[in-house]
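Chemist: The following block contains the structure, expressed as C-alpha cells.
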Amino acid sequence: MRTQRTYKLAPALLLGGLLTASGCGDDETVTSSTAGGTATAGTTVGATMATSPEMTTQGPDTGGSDSGSSDTSNDTGECGDGAVDAGEECDDGADNGPGQACTDACTENVCGDGDKSPDEECDNGPMNGDDATCKADCTANVCGDGAKGPGEGCDDGNQNNDDECTNDCKLASCG
C-alpha cells in the first residue's frame, strides 16, 4: 500500500519541484510525465519583473519636474536654435542666413555656392572663374593679380610697366 501512495504523490512532487527549481531558468514551458500521460503546467519558466508607473526604460523615476519631453540625446534639434545638432554643419542661431558664415539650412557658407560669406570677396556660384569678375577661390579678379579678368587686355601680375602688359592691365603699344 505504501508503494501505491508513493506513485500517486510522485507526479505531484515532481511537478512541484520542477516549478520551484524553474524560477531561475530560461523561458520554457514546463512539461512533466505522469502515470496517466504528459501534464503541461500553464506557467512560463523564467524570471519576471513587476513594473510600476515609477519605472521607465531608463530606470526608476528620480522625481523632479517633467517638461513633457523625453530624453533629448536622440533629438535632432532645430536649425537656428544656436546649437549644432546632428545633421547640422553649423548653427549660429539668429545669425544664420544669406551673407553669413552659416546658412539658413545650417550648412557652412562655402565658396562657389553663390552666397558671399564674410570671408569671401565675392561669390557668383558657377559663374566663378579665373576669367570672370569673381575667381574660383572667391577673390575678386583685379588688375595685377596675374589672372586676366573681364576688361583686362592682359594681367602679368607684376609691377613692371615696361613689358608687354602695362600696370593697368593693357597690352603695351608703341607710340
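Chemist: Can you tell me which of Cys102, Cys174 is of a type outside the set (Val, Ile, Thr) and either touching a Lys or Arg at 6+ places or on another chain (Cβ under 7 Å) or at pLDDT 95 or above (or both)?
Modeler: On the way: Cys174 fails: either touching a Lys or Arg at 6+ places or on another chain (Cβ under 7 Å) or at pLDDT 95 or above (or both).
So the residue among Cys102, Cys174 that is of a type outside the set (Val, Ile, Thr) and either touching a Lys or Arg at 6+ places or on another chain (Cβ under 7 Å) or at pLDDT 95 or above (or both) is Cys102.
Chemist: Are any of the residues in region 152-172 within 30 Å of Ala86 (Cβ to Cβ) and assigned to a loop (DSSP other than H, G, I, E, B)?
Modeler: No: region 152-172 contains no residue that is within 30 Å of Ala86 (Cβ to Cβ) and assigned to a loop (DSSP other than H, G, I, E, B).
Chemist: Related question: Can you name every residue in region 124-142 that is of a type in the set (Asp, Glu) and loosely packed, with under 14 Cβ neighbours inside 10 Å?
Modeler: Scanning region 124-142 gives Asp131, Asp137.
Chemist: Filter region 111-130 down to residues that are assigned to a loop (DSSP other than H, G, I, E, B) and of a type in the set (Gly, Ala, Ser) and give me whichever is nearest to Pro150 (Cα to Cα).
Modeler: So the residue we want is Gly129.
The values are calculated or read from the model by the stated rules, or taken from the named source; none is laboratory data. Quick caveat, the model's predicted, so the values are computed rather than measured. Methodologically, a virtual Cβ is constructed for each residue, glycine included, from the backbone with ideal geometry; neighbour enumeration extends over all protein chains shown.
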